[in-house]
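The values are calculated or read from the model by the stated rules, or taken from the named source; none is laboratory data. Just so you know, these numbers come straight off a predicted model, no measurement behind them. As a convention, Cβ positions derive from the backbone with ideal geometry for all residues, glycine included, and neighbour counts pool all protein chains shown.
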Amino acid sequence: MSATIALEEVKISLSDLIDQVAAGQEIIITRNQQPVARLTSEPVKKRQPRKAGNCIGMIKIVSDDDEHLKDFEEYM
């Protein structure tokens, strides 16, 4: 669904037009009764699902590294 509005009216009611566009309406702006622009809402971008295994090889666990635990003995 679209509506047509003159450029002079856009200057007065831009906030209302943005509300209409956000609700899904398309607005065609005219100058001298000729279409010059179109207001439409930004399409919703779908987030791509995460893929399992994207971080393979980025983390290494060293099992024999207990040296850093000595600093925490008093808290254990």
Subset tally (residues that are at positive phi and among the small types (Gly, Ala, Ser)) for region 1-36: 1
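Listed here are the residues, each with its yes/no results for (1) under 14 Å from Ser2 (Cβ atoms); (2) touching an Asp or Glu at 6+ places or on another chain (Cβ under 7 Å); (3) of a type in the set (Val, Ile, Thr); (4) modelled with pLDDT of 80 or more.
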site	(1), (2), (3), (4)
Ala22	no, no, no, yes
Gln25	yes, no, no, yes
Ile28	yes, no, yes, yes
Gln33	no, no, no, yes
Glu42	no, no, no, yes
Pro49	no, no, no, yes
Gly53	no, no, no, yes
Leu69	no, no, no, no
